[in-house]
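Participant: Sharing a structure here in structure tokens format.
Every number here is computed from the coordinates shown, using simple stated rules; none is lab data. This is a predicted model, so every value here is computed, not measured. Using ideal geometry, Cβ is built from the backbone for each residue, glycine included, and neighbour counts are taken over all protein chains shown.
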Amino acid sequence: MENISLMGLHCHIGSQIFEIQPYIEAVNVMMKFASIIKKEFEADIPEIDFGGGFGIYYSDGDSPLPKKVIAESITDCVKKNADIYNLKRPCILVEPGRSIIGNAGTTLYNVGAIKNIPGIRKYVIVDGGMTDNIRPALYRAKYEAAVANRMNSSDCEVVTIAGKCCESGDILVKDINMPKVNTGDIISIFSTGAYGLSMSSNYNGIPKPCVVLVNDGGSYVISKRETYDEIIENDIIPDELKRI
């Protein structure tokens with residue numbers, strides 16, 4: 001194509017996918033599209049990005065596919081289609097994102113107030129919430145949690161872990177069975193390595209938490225805790241208002 005250097009094609013079919021068939025269908029569609037471009041414009045497609053969406057384990061019912069199965073299935077299907085349509089085999093790109101980092105992250109919260117509403121539910125309110133993890137409010141995402149400072153306690157109860165943002169949707173984990181929680185306990189919520197910090201906000205003027213890397217017995221702060229001064233450092237008061 002004159003004046004155009006076509007480098008590749010891209011698709012994205014969704015998130016938290018636990019079956020291989022959707023990827024096979026995506027490869028079939030994209031390779032057929034590549035053959036149409038080849039036929040109509042005599043242009044080869046050097047690379048195809050098949051996106052991501054590889055599911056990870058968050059809670060019961062999640063069954064992630066082995067990465068080797070995904071890689072081999074996509075590669076074999078690309079080779080098959082290349083032979084069918086007489087195409088050069090493109091460079092294969094994927095976007096593993098969440099599947100790399102999701103399970104590596106755990107968020108720790110301090111328990112503040114505990115509110116029991118008889119016949120309704122018991123709320124455990126922590127010092128974070130939808131500002132550091134918006135996914136439960138946005139998508140009704142489910143997580144598993146534990147009382148980090150009493151992991152082996154057997155005295156359990158059903159509670160709902162809520163944030164401190166004064167929003168009805170600020171629920172991190174709803175109706176979870178866990179060891180009896182007391183004010184001052186540390187709650188750990190697992191698999192928060194993806195779409196936590198990257199989707200965090202300063203809603204209600206809440207500073208973002210620090211991020212600590214733990215490796216081989218060592219711990220390292222890799223993103224420092226935000227301060228209130230840093231939240232307002234870009235705010236400007238016009239001179240005229242200063243005189244009021």
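Participant: In the range 114-146, what count of residues is obtained for those that are part of a strand (DSSP E or B) and touching a Phe, Trp or Tyr at 6+ places or on another chain (Cβ under 8 Å)? Steps first, answer last, please.
Facilitator: Step one: filter the range 114-146 for residues part of a strand (DSSP E or B), giving 114-117, 121-126, 145-146.
Filter once more, keeping what is touching a Phe, Trp or Tyr at 6+ places or on another chain (Cβ under 8 Å): 114-117, 126, 145-146.
Of the residues in the range 114-146, 7 are part of a strand (DSSP E or B) and touching a Phe, Trp or Tyr at 6+ places or on another chain (Cβ under 8 Å).
Participant: Okay, next question. Find the residue count for the range 24-64, including only residues that are in a loop (DSSP other than H, G, I, E, B), touching a residue at least 12 places away in the same chain (Cβ under 8 Å) and either of a type in the set (Gly, Ala, Ser) or under 13 Å from Gly8 (Cβ atoms) (or both).
Facilitator: Final tally of qualifying residues: 11.
Participant: In addition: Considering only residues that are of a type in the set (D, E, K, R) and not in a helix (DSSP H, G or I), look in the range 217-233 and name the one that is farthest from Ser200 (Cα to Cα). Explain how you work it out, then say what you get.
Facilitator: Step one: of the range 217-233, the residues of a type in the set (D, E, K, R) are 224-226, 229-230, 233.
Subset that is not in a helix (DSSP H, G or I): 224-226, 233.
Numbers: Lys224: 14, Arg225: 13, Glu226: 12, Glu233: 18 Å.
Once the filter is applied, the top-ranked residue is Glu233.
Participant: Find the residue count for the range 147-160, including only residues that are outside any strand (DSSP E or B) and either of a type outside the set (Lys, Arg) or touching a Phe, Trp or Tyr at 6+ places or on another chain (Cβ under 6 Å) (or both). I'd like the intermediate steps shown before the answer.
Facilitator: From the range 147-160, those outside any strand (DSSP E or B) are 148-155; that's our starting set.
Remaining after also requiring either of a type outside the set (Lys, Arg) or touching a Phe, Trp or Tyr at 6+ places or on another chain (Cβ under 6 Å) (or both): 148-149, 151-155.
Total satisfying the criteria: 7.
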